[in-house]
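Some notes on the structure that comes next.
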Amino acid sequence: MKKIIKFKTLKNRLIFWFFLVALLPMIIIGWNIYLQRVTAIKKEAFSKLTAIRDLKAAQLNIWIDERIGDIKSIAEDTGIRALEPSFKNLTEEKKKSSLFEKAIIKLNSYVANYSSYHELFIINSKTGKVELSTDKSSLGVDKSKETYFSVPKRTGNIFIKDIYYSKTVLKPTMTFSIPLISLATTEHVFGILVARIDLIPSLYSILLDRTGMGQTGETLIVNKDVVALNALRWFENAPLKLKINAKPATLASQGNVGIIETTDYRNVEVLAAYTYIPRTSWGFVSKQDITDIYAPIYPMIKGILILVFISIVVVFFLSTVLANAIANPILDMANVSKQIQDGDYNARILSTDNDEMGLLASSINDMAKAIQANVTVQTSVATIIKSLVASKELNAFGMKLLNNILAVTDSQLGSFYILSADGNQFENLYSIGIQQHAIQSFDVKSMEGQFGQVLLTKKISHIKDIPEDTIFSFKTFSGTAFPKEILTIPFLSENTVMGILSIANLHSYTEKNIQIIKMVLPTVNTIFSNLMANEKRKLMTLELADKNTELEMQSSEMHSLNIELRTQTEELETQNIALEVQRIQVEEANRLKSEFLSNMSHELRTPLNSVMALSRVLIMQATEKLSEEESNFLHIIERNGKKLLSLINDILDLSKIESGRMDIDSSQFSIEQTIDTIVESLTPLADEKNIQIMQEKPYNLPIIESDETRVHQIIQNILGNAVKFTNKGHVSISAKSDSKNIFINIKDTGIGISKENLPYIFEEFRQVDGSMSRNFEGTGLGLAIAQKAAKMLGGDILAESELDKGSIFKLIFPIKKEEQVIENKSIISTPGPSVTPQRKTILIIDDDPQALRILSQFLTEVGYNTITTQSAKEALEIAQNTPLFAITLDVIMPEMDGWEVLQKFKQNLKTKDIPVIMISVSQDMETGFALGAMGYVTKPVQKNMLLAELEAKSTYRDMTAKRILLVEDNKTAIIQIKAFLEIENFIIDVAENGLDALNYIKYTVPDGIILDLMMPGVDGFEVLDKIRASSGKTARIPVLILTAKDLTPYDLKKLTNNNIQQLLQKGDIDKDELLFKIQTMLGIQIKKGKKPLEQLIHKPPITDIQKINNNIEKPTILVVEDHPDNMITIKAILKEMYIIIEATDGEEGLNKALNEKPDLIILDISLPKMDGYTVVRKIRENKNTYQPPVIGMTAHAMKGDREKILAAGCNDYISKPIDPEYVIKIINKWTKGSKDD
């Protein structure tokens, strides 16, 4: 309220509140009276209008009833009904008959006697024409189309036609019509009696009667279209012309009854009562303007306003008098306060009243006196402080202090003492009013007199009321004296009394004097302390001057050092920024390299897959149609495809190792078994070269924990190189171990490595013999990959070698785990009664001894042998070395959970086909089946459930009904995979892109999907996402991923998130691996003992076919090529047209060129013993021999190779890989003399 109403003066505020208190009750009472009066008037108006509405509606119904009664009376009159015979064949004579005349008289009497009728006439029901009428102009008029004719004729009832504009009478009218019934036959209508109503003297006169409706009231009727039917007070020519949109009229026309306060057709506020007249479908409204209704209230309002005005004048006069009586004393007080504020401390309030205002004035006067005294004290204090602030020395300080204190306290004597430098006594610094011989020093230790009291208490000492005849005396600065009062004031510095001021007064000190001293003391004490500190500071300044000089010199030296350090720091920051930029660039380069290699893997493997796949399909399906030589061609294609795939894999492995993306899959395995496997695989190659592989290794080598695949790859590479580069002698491999590592030495008696080349053998793409005449193939990646892989496993490879004597490679692999000797482990075997070796054996794996006992008991009771173990690692060993019918595996294990053990079973070729039944308290069956489990039993295990799962595993599921959807865009891959799987009775449906696959799945749900990832348009990832996103059956379709893409960690994570457990790399697709993956994916088994696919194809016996030589002599071509597959390829191209002479190295080729004198020489550039450049130079140097055309052939495709070959003496150039058509074209060019071709 205070924020809303603000007043500048108290007087105005008082007047306002007086007004409010006096007038508010009056206003409230007047308002209540007004509301009561308005309510009563409105209630009365409601009642009146409702009564008028009901009265008028009744009058209208009565009027209608009267018209209906009239017309019925006329129609039932026997004289009128007797006209029926005449109406049958009406003629002019009949119209002049007495019956007609009587009828006319009767109708005219009604029109004459009742003002409601304008015209009465009868219409012939047959002709529709007016036959009798009170208006002769209507006779003969055709009324057959009028509703007042047709409706009563059809219905036989009275018909009321609503008000309409009549063209006959040229004004609004309405009609009542009734059928005329024959006297003879009551069902026969011979005519229609119509009464046209004159509305003005009848209906309208009822509506225009506005008695009791004031100056603005009126009644009106509207038809169903809300069109006004009668004349209105406020609208001319309203009938049938004005459509009323006002709410009362609308409600009435819709059949409603009520009363409402709203606006009418003029948009003027009215009170309206409305009802509905059903027989005519009229809406009736009686209304009156609100202003007219409330007119009686206005005189009352005028009286109330006059009363309020008079009250305001009286209240204003009285409130002003009271406000002045209260506000004027307050204004006087405010004026005095303003004078004091402006500095006039003598201003006082003149008030003699004894009331509260007088008491308040007296209090303000007392406050003014206190302020005046306080100002005087503050002024004195300010004067003393102002005089002392500028003091720089103690002498000046003491003099000013004593003079000012004496002045403000009205003292006569005074002296100022300070503590001596040795701190033993107080010495006089300055005195006033004291003789020099009376001034004494005071010993600090004596603590006597008033000074002793001040030193002890450190407070002001005030001695007063000293009588003149007293024998009490004090030793003061003036000796023995009898002053009236003495004040002694201590000054402290660091809580020690360093100065004393003593003053004496022959009179008494006032309270104001004491107050001034107390107020000034803290500030004076501070100034005194600062002066004492300044004195000490001066002494210290002299002592520090020398030290400052020394420090400045040191600071200068430190500044130089700081500048040097800052320079070094900036250089380091610059280097760090550069290193960070390089690091980011290297990371980006590695990322781009990884992406490139991933894409390169796909781009290389895809066409290579086609080559290998088609060759394998041809080997399987077309062997019986091919000759032995053609079949050999296919094997060469497949073999060289595998070599190229191996090279691609080497490059990718090297890239993964360098980028840190090579995954390490650690497991425990026997290094002895690994060595034995590798030696066994290399023995046939060693036998071909007539060299021996010797093994030297102790028994009980420890089990190592490492990546078995990588260790196998490393040893295979080193031992394979040893066999490769050894032409005579032997190769040996030995192994030993200590507590941490296993050491493997591979020694050979081969070509060795020179000291110059030995440091570079582990570098990528480095070969000891990289010349054109090298004797051994290879890319130089094997040793680099092997050493890097060994280092990733925590080991190393070292090499020693001597040229032409052999090499020694030392491999080091960490054991990582505590030594575990390969020996028979303690296996709990619980065979049932009468165990025989022929009984099926089941391995039970569970960390709970109780569970092991129960499961073993269940199985032995029905005739199974059981092997039980609590160790997952022990179970993996048992499964590899023991023939097993099945395995039961607990999910929750301490050292390695059941899922991980299941994966290792399925990854091992020896254990992958053993059925595994998962046993767990959880219900996660989907994970078990996804990882390759054949069954799932929940704990606690029920015997019948376990035996049912084992029974299911003893029979194999029929595969004929399994439908596989192959999603692959590569035609070759489609042919190969279909060939593999259709032999195995799978149904293969093919979708050549992702979109076709998604459309297929909408209508067909296959048992499994083989999905390529890299496809145009919708790729495999998107197909997989949409399949898994579905909530239907497709979300659980098992999927095998088939791809040539080198998958990144992001790709693998994406596949894992989509529950993909099966992955097959494109390239050299192994049919057995493909079938195993599908078996695992679908949860089925392929019957054991089934023959490989090649054995299912019956090959015909190979016979020698004698070739018939043509009589035409063929040209002779010498082919010098060291690679047997390339030699076979060239011979296959040329053998039909040329005689082929073969040479497999440079020396042999040169000899045959000089001795055989061929028509043309095809010369490989990279040859053992002597390279192609040397061979062609020696041929060209011999001027006496025949100079045949020499065509150089090489796989080198760098810039300048062609020019180098031609410059060496070759006539032409062929690049590898060999294009048969191009080879034949080049040879024809040089053998047939068409050199300008």
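Data for the structure
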| item | result |
| --- | --- |
| Unmet criterion (only one of (1) outside any strand (DSSP E or B); (2) without any contact (Cβ under 8 Å) to a residue 24 or more places away in the chain; (3) in the same structural domain as Glu84 (by TED's automatic domain parsing)) for Thr211 | (3) |
| Among (1) surrounded by 17 or more Cβ atoms within 10 Å (Cβ to Cβ); (2) more than 30 Å from Ala933 (Cβ to Cβ), the one test that Tyr1003 misses | (1) |
| Filtered residues of the stretch 122-165 (kept if within 23 Å of Tyr204 (Cα to Cα) and touching a residue at least 40 places away in the same chain (Cβ under 8 Å)) | Tyr148, Ile158, Ile160, Asp162, Ile163, Tyr164, Tyr165 |
| Qualifying position, being small (Gly, Ala, Ser) and closer than 22 Å to Asn640 by Cα, among Ala1208, Ala1143 | Ala1143 |
| Residue check for Ser281: in contact with an Asp or Glu (Cβ under 8 Å, 6 or more places away or on another chain) and not acidic (Asp, Glu) | yes |
| Leading residue by the ranking (nearest to Asp135 (Cα to Cα)) among those in the stretch 209-232 that are at pLDDT below 90 and surrounded by fewer than 18 Cβ atoms within 10 Å (Cβ to Cβ) | Asp209 |
| Subset of the stretch 691-730 [over 21 Å from Leu798 (Cβ atoms) and among the small types (Gly, Ala, Ser)] | Gly729 |
| Residue in the stretch 632-671 that is farthest from the chain's Cα centre (by Cα), counting only those that are among the acidic types (Asp, Glu) and modelled with pLDDT of 70 or more | Glu638 |
| Single unsatisfied condition, Leu1063 versus (1) under 29 Å from the mean Cα position of the chain (by Cα); (2) under 30 Å from Asn649 (Cα atoms) | (1) |
| The stretch 766-809: number of residues that are basic (Lys, Arg), farther than 15 Å from Gln713 by Cα and either modelled with pLDDT of 70 or more or in contact with a strand residue (DSSP E or B) (Cβ under 7 Å, 6 or more places away or on another chain) (or both) | 1 |
| Thr674 within 30 Å of Glu877 (Cα to Cα) and either buried (at least 19 other Cβ atoms within 10 Å of the Cβ) or at pLDDT 70 or above (or both) | yes |
| Exclusive hit being acidic (Asp, Glu) and modelled with pLDDT under 80, set Glu573, Glu535, Glu564 | Glu535 |
| Strands (runs of 3 or more DSSP E) within the stretch 673-743 that include 2 or more residues in contact (Cβ under 8 Å) with a residue 60 or more places away in the chain | 703-707, 730-737 |
| Residue identified as touching a strand residue (DSSP E or B) at 6+ places or on another chain (Cβ under 9 Å), modelled with pLDDT under 80 and in a loop (DSSP other than H, G, I, E, B) among Glu819, Glu763, Glu823 | Glu819 |
| Residue that is modelled with the lowest pLDDT [pool: residues in the stretch 930-968 that are surrounded by 19 or more Cβ atoms within 10 Å (Cβ to Cβ) and in contact with a Pro (Cβ under 8 Å, 6 or more places away or on another chain)] | Ala930 |
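The values are calculated or read from the model by the stated rules, or taken from the named source; none is laboratory data. This is a predicted model, so every value here is computed, not measured. A quick note on method: Cβ atoms are made from the backbone with ideal geometry, for glycine too, and the neighbour counts reach across all protein chains shown.
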